[in-house]
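The values are calculated or read from the model by the stated rules, or taken from the named source; none is laboratory data. Keep in mind it's a predicted model, so treat the numbers as computed, not measured. Here the Cβ positions follow ideal geometry from the backbone for every residue, glycine too, while neighbour counts run over all protein chains shown.
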There are 2 protein chains.
Amino acid sequence: MPTYNAPNRDFRFVINEMLELESYGNMPGFENATEDLINSILEEGGKFTSEVIAPLNQIGDLQGCTRHEDGSVTTPPGFKEAFDQYREAGWGTLTQPEELGGQGLPHVIGFALKEMMSSANQSFGMYPGLTNGAIEAIKAKGTPEQKEMYLPNMVSGQWTGTMNLTEPHCGTDLGMIRTKAEPQGDGSYRITGTKIFISAGEHDMAENIIHLVLAKTPGAPDSSKGISLFVVPKFLVNDDGSLGERNGVSCGSIEHKMGIHGNATCVLNYDDAIGWMVGEENKGLAAMFIMMNEARLGTGMQGYAQAEVAYQNAVAYALDRRQGRALTGPAEPDERADPIIVHPDVRRMLMDAKVFTEGSRAFCLWTALLADLSEKAPTEEEREKAHDMLSLVTPVIKGYSTDKGYETATNMQQVFGGHGYIEEWGMSQFVRDARIAQIYEGANGIQAMDLCGRKLGQKGGATIQAFFAMIDEEIAAAKENEALADIATRLEKALGEQKAATMWFMQNGMANPNNLGAGAHHYMHIMGIVILGFMWLKMAKVAAAKLAAGSDDKAFYEAKLVSARYYAERLLPDAGALRRKLEAGSEAMMALSEDAFATAA
Amino acid sequence: MPTYNAPNRDFRFVINEMLELESYGNMPGFENATEDLINSILEEGGKFTSEVIAPLNQIGDLQGCTRHEDGSVTTPPGFKEAFDQYREAGWGTLTQPEELGGQGLPHVIGFALKEMMSSANQSFGMYPGLTNGAIEAIKAKGTPEQKEMYLPNMVSGQWTGTMNLTEPHCGTDLGMIRTKAEPQGDGSYRITGTKIFISAGEHDMAENIIHLVLAKTPGAPDSSKGISLFVVPKFLVNDDGSLGERNGVSCGSIEHKMGIHGNATCVLNYDDAIGWMVGEENKGLAAMFIMMNEARLGTGMQGYAQAEVAYQNAVAYALDRRQGRALTGPAEPDERADPIIVHPDVRRMLMDAKVFTEGSRAFCLWTALLADLSEKAPTEEEREKAHDMLSLVTPVIKGYSTDKGYETATNMQQVFGGHGYIEEWGMSQFVRDARIAQIYEGANGIQAMDLCGRKLGQKGGATIQAFFAMIDEEIAAAKENEALADIATRLEKALGEQKAATMWFMQNGMANPNNLGAGAHHYMHIMGIVILGFMWLKMAKVAAAKLAAGSDDKAFYEAKLVSARYYAERLLPDAGALRRKLEAGSEAMMALSEDAFATAA
């Protein structure tokens, strides 16, 4: 059975050494986040996820969720008990505000725990993960009464939450939704319609489920400007907070999916269900984006979290499995064969995975710090700056990390040879589970268009220019340092490709928006490659400084420097090829008639 | 339910127009292969695979194979009946020699049918596919008696065959096998051991199964030079050809795999089973390579065959599904939304798939012609030249086509958005089935080493130089043609990257073989990219000539020209990035100690 170990040394490196979280002690909530506290949360979180959550991953895949005739759903064996432990330990409360029963700690710490949960058991992690999205929407748009009624129990994990967007005929194009909300004159609405692909839509892990549902009021505009958001609890909540009647929402079926079998992906039927509007009428899309942004960061994390656990198991296999001999002569002549980690092609896959997961972890925790800064930085200017940067990189985290995460999980499966294809070894599950993250919370093509169609032009292009300036500055400083100069020069070249691609978009995207659409995927990947290069340069800088200072943990920092070099030499070159593709424009891509795609007999 | 249509217009284009098969009428077997005959075989094959085989694909995935308590195995509903039809129609006999009951037709035609079988139902296609490998080994190495006893029934499909190589502790490193063969003094051997991952290892589709098994005779050298090949029939064959006693080989279990559920992947237990040596003692590896080479071409085909069927279904979905509006304004203003094929990112994925599958089809059928030429060309010189080229490109077909085939199937799943992740739509199966082709018949890392460690140096480098000269010549001619010049120039650049990478290997691979190992994967991909570019240039040449001649089928040839341009602009640039990675060498890749890969808490 595959195993999971929380990479706590690396978490400590990124949080304490690279981000220097203690240096933000002037921000609310950060004053408590001492290095000691962080380390002990990481340690406890590591134990919980590796010992309690991870062992349920494979059984979740094998047994999946069961819908009973009455519409109730049973989660895989052990899930309910593990969620009880999660709730009792207060894991869901880490970063929530104290007035809601939270601990008010930085997002950076919350993100670290989320990564662990995703690596250990993505299906399980989605139950609290979706709840977080729903919490954020109610926090931002709910009435004081709604906040009081729902949030404390959602924060504690007593209740969970869901996001109900998709319908059978509409996913991306939410203007087309048909679910109706009829006002009852008493402030409540009756909701009727069918929602599909609802993760954690029905289950036995919590006593109530708070559904957030997009629907249309009578006479609403027939577009995305006519959507409102509603809160629809599975059980109505009495004024004293106790649970009342069962509401008119039920699970019609559970989808048969490629992966994440442990999460109940439901068709939810709303039949005159009672709900209340959250936020303003016809402004549901804005509220939905609050949930979506939260979910997109979590989804990006799922991408590299699956790569991380797949990597850990591939390393163990590569050290254990013996086949053939090193090309340079037997590494272990007394044994019948060498462990396969001696083979360069196995190393290539492991190193690619190592630099991707460590680079992505740094990227994601750096982004979490932006989220903290956007809420808590001392000045409005700093908060705005952080918010803009967060907004710029969010589609890259979602799109790039999940594309590469799937690719990496696939490569880790490849390390196992034939055994990788056999379900018992668990590598297939990592690949199948990783696959969903490229699709949900806005398919990656949508992320690419969000990046190129909206975010590049954000603030008249000032955000992307600030992004370039930030990396230029890091490069200029690094070039002065012998240990970093080559890495910095290679990053400069890749960043140059991104700048050129940005310029090409400016010159060719306005006149013909298809040029933007045709290159958006490539641009998103260029930017992901550059950001991870930026992270590796930052990490290398810390490592070089520690080594220069004579650190005891020499092997760790030397490995960081080698990895940074590997990333620069072997991953950055893709940026140039992607730019060339992007600059080919949309002409050949859009030239064929629809008929030309059909297969002719 | 997903569907499959044989791309017969494209088969005819490649076979009749690009390869001009009729021009080889001077070779044995080719004189009968008129354009009319080819077209009618394609038509019948298309009907059989789309109407009989393809409809069994999804049920094969859902129900899989069942092992009963007595060790017998039942294939999915419909498989046995469909195989009866396959046998009765003589589909297995197309390219086999007439003296074995075959039709003696060119491999080119046989390969076209194999592609159809793989696209329609990969699991089903593997039953006759493995049989072919076994036939070739017996043909090449068997005694006249063995040939007479086994081959006619295997060719007709009365019996099927298997390849038994892998054991639990050894896959790639076959020197480590433990299965024993004890001589009985009467020319027979008793075989004892356990083989795993045996595709089509036990089933109910044929009355006998002819296992080819690698084993060691007493006192054989403890290396790959101590392996012999044995034929072990499931039922012993009496002198009169009737079936005798059940032999001591049985299915211990069926593996639970990520995909190809319709094929019974067995653990086979050999317990004093009676077998006979095929070929010379301790020369089993050479015989095995005969099976493997046949299988590697078939496996490469599986890669793009899954991409092809996934593409067909993605096109249908993209034309049907309506979400959002074209970036350039509504394409169908009267409808609620445009079909998603208007979106550049959907087009990108479809065009990438189209140029990959059509390019790979041309590559594979061109390779099949090399196989024909290597057997039947009039002079020894021509046969040798064809054989050398076939040998050079075989690992590229296997490794490159399957890597890109899996990636393409994944992208086609992406076109479906959330529905792609739901098993009912069938896209998940295409991805899961495609995955195995990167692993079996020598994992792709082994293919890359075969290419770079053996094939590049073949005949002192003369074969790769002939490869370069062949493409140079095509490029030089194309540059004279206005319609082809840009494509040719771009291909020249990519070929230049391959030449430079080859030179780099020559200069750096001898002193440190890890430099070869570290770049082998990248080299294999560069060469795959170049070969498909070469194929697109050839196809564009034919299309341009047909258009210049005023062909009636204008839209088809124009689409070929657009596709060739798209390939040149958007796929060739990867060669440059891959070369830069390759030239980074092995230093950073091999620098870390094994400990540095472990996850530190």
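Is there any pair with a first residue in region A:28-46 that is free of Cβ contacts under 8 Å to residues at least 24 places away in the same chain and a second that is of a type in the set (D, E, K, R) whose Cβ atoms are under 6 Å apart and which are 6 or more apart or on different chains, and what are they?
A:E35/A:E22
Of A:E308, A:E332, which residue is buried (at least 24 other Cβ atoms within 10 Å of the Cβ) and either among the basic types (K, R) or within 14 Å of another protein chain (Cβ to nearest Cβ) (or both)?
Just a single option satisfies the conditions, and that option is A:E308.
Could you pull out the residue among A:E35, A:E17, A:E43, A:E22 that is within 12 Å of chain B (Cβ to nearest Cβ), out of contact with any Gly (no Cβ under 9 Å at 6 or more places or on another chain) and of a type in the set (D, E)?
A:E43
Residue by residue through region A:179-222, note down the ones that are under 29 Å from the mean Cα position of the chain (by Cα) and part of a loop (DSSP other than H, G, I, E, B).
A:T179, A:S199, A:A200, A:G201, A:E202, A:H203, A:D204, A:M205, A:A206, A:E207
Filter region A:117-162 for residues that are more than 21 Å from A:M288 (Cβ to Cβ), small (G, A, S) and under 16 Å from the mean Cα position of the chain (by Cα) and give the result.
Once the filter is applied, which keeps residues that are more than 21 Å from A:M288 (Cβ to Cβ), small (G, A, S) and under 16 Å from the mean Cα position of the chain (by Cα), region A:117-162 yields A:S118, A:S119, A:A120, A:S123, A:G125.
Inside region B:253-263, can you point out the residues that are touching a residue at least 40 places away in the same chain (Cβ under 8 Å) and within 14 Å of chain A (Cβ to nearest Cβ)?
B:S253, B:I254, B:E255, B:K257, B:M258, B:G259, B:I260, B:H261, B:N263
Please determine, by comparing only the residues of region A:340-353 that are within 8 Å of chain B (Cβ to nearest Cβ) and more than 25 Å from A:F11 (Cβ to Cβ), which one is farthest from the chain's Cα centre (by Cα).
That would be A:H343.
For region B:307-317, does any single residue satisfy the condition of being closer than 30 Å to A:E167 by Cα, touching a Ser or Thr at 6+ places or on another chain (Cβ under 7 Å) and of a type in the set (F, W, Y)?
Yes, the conditions are met somewhere in region B:307-317.
Could you please give the count of residues in region B:420-438 that are surrounded by 24 or more Cβ atoms within 10 Å (Cβ to Cβ) and at the interface with chain A (Cβ under 10 Å from one of its Cβ atoms)?
10
Among the residues of region B:265-288, how many are assigned to a loop (DSSP other than H, G, I, E, B) and either within 14 Å of another protein chain (Cβ to nearest Cβ) or in contact with a helix residue (DSSP H, G or I) (Cβ under 6 Å, 6 or more places away or on another chain) (or both)?
Residues that pass the stated criteria total 3.
Each row is one residue, and each column tells you yes or no for (1) within 11 Å of chain A (Cβ to nearest Cβ); (2) small (G, A, S); (3) assigned to a helix (DSSP H, G or I); (4) surrounded by fewer than 20 Cβ atoms within 10 Å (Cβ to Cβ).
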site: B:L319; (1), (2), (3), (4): yes, no, yes, yes
site: B:R336; (1), (2), (3), (4): yes, no, no, yes
site: B:V355; (1), (2), (3), (4): yes, no, yes, no
site: B:C364; (1), (2), (3), (4): no, no, yes, no
site: B:T367; (1), (2), (3), (4): no, no, yes, no
site: B:S401; (1), (2), (3), (4): no, yes, yes, no
site: B:G418; (1), (2), (3), (4): yes, yes, yes, yes
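Going through region A:5-39 one residue at a time, which ones are buried (at least 19 other Cβ atoms within 10 Å of the Cβ), hydrophobic (A, V, I, L, M, F, W, C) and outside any helix (DSSP H, G or I)?
A:A6, A:L19, A:F30, A:A33
Limited to region A:403-416, what total is found for residues that are within 11 Å of chain B (Cβ to nearest Cβ) and in contact (Cβ under 8 Å) with a residue 40 or more places away in the chain?
Selection size over region A:403-416: 7.
Of the numbered conditions (1) buried (at least 24 other Cβ atoms within 10 Å of the Cβ); (2) over 17 Å from the mean Cα position of the chain (by Cα); (3) at pLDDT below 95; (4) of a type outside the set (G, A, S), A:C170 fails exactly one; give the number of that condition.
Among (1) buried (at least 24 other Cβ atoms within 10 Å of the Cβ); (2) over 17 Å from the mean Cα position of the chain (by Cα); (3) at pLDDT below 95; (4) of a type outside the set (G, A, S), A:C170 violates only (1).
Quick check, is B:I191 at pLDDT 95 or above and either in contact with an Asp or Glu (Cβ under 6 Å, 6 or more places away or on another chain) or within 14 Å of chain A (Cβ to nearest Cβ) (or both)?
no
With at pLDDT 95 or above and at positive phi as the only criterion, which of B:G550, B:G519 stands out?
Being at pLDDT 95 or above and at positive phi holds for just one of B:G550, B:G519, which is B:G550.
Answer yes or no: is there a residue in region B:566-588 that is in contact with a Lys or Arg (Cβ under 8 Å, 6 or more places away or on another chain), facing chain A (nearest Cβ under 7 Å) and among the aliphatic types (A, V, I, L, M).
Checked region B:566-588: at least one residue is in contact with a Lys or Arg (Cβ under 8 Å, 6 or more places away or on another chain), facing chain A (nearest Cβ under 7 Å) and among the aliphatic types (A, V, I, L, M).
Pull out all pairs, ordered by first then second residue, where Cβ-Cβ is under 8 Å, the residues are six or more apart or on different chains, the first lies in region B:73-96 and is touching a residue at least 12 places away in the same chain (Cβ under 8 Å), and the second is part of a strand (DSSP E or B).
Close Cβ pairs satisfying both conditions: B:V73/B:T66; B:V73/B:R67; B:V73/B:C251; B:V73/B:I254; B:V73/B:C266; B:T74/B:T66.
Hey, among B:A548, B:A598, which residue is over 29 Å from B:G528 (Cβ atoms) and either of a type in the set (D, E, K, R) or more than 7 Å from chain A (Cβ to nearest Cβ) (or both)?
Only one candidate qualifies: B:A548.
Please verify whether region A:445-459 includes one or more residues that are free of Cβ contacts under 8 Å to residues at least 60 places away in the same chain, within 14 Å of chain B (Cβ to nearest Cβ) and surrounded by 15 or more Cβ atoms within 10 Å (Cβ to Cβ).
For region A:445-459, residues free of Cβ contacts under 8 Å to residues at least 60 places away in the same chain, within 14 Å of chain B (Cβ to nearest Cβ) and surrounded by 15 or more Cβ atoms within 10 Å (Cβ to Cβ): present.
More than 8 Å from every other protein chain (Cβ to nearest Cβ) and of a type in the set (G, A, S): is that true of A:G519 in this structure?
Against the criterion (more than 8 Å from every other protein chain (Cβ to nearest Cβ) and of a type in the set (G, A, S)), A:G519 qualifies.
Determine if region B:374-390 includes at least one residue that is at the interface with chain A (Cβ under 9 Å from one of its Cβ atoms), out of contact with any Ser or Thr (no Cβ under 7 Å at 6 or more places or on another chain) and part of a helix (DSSP H, G or I).
No; the residues of region B:374-390 include none that is at the interface with chain A (Cβ under 9 Å from one of its Cβ atoms), out of contact with any Ser or Thr (no Cβ under 7 Å at 6 or more places or on another chain) and part of a helix (DSSP H, G or I).
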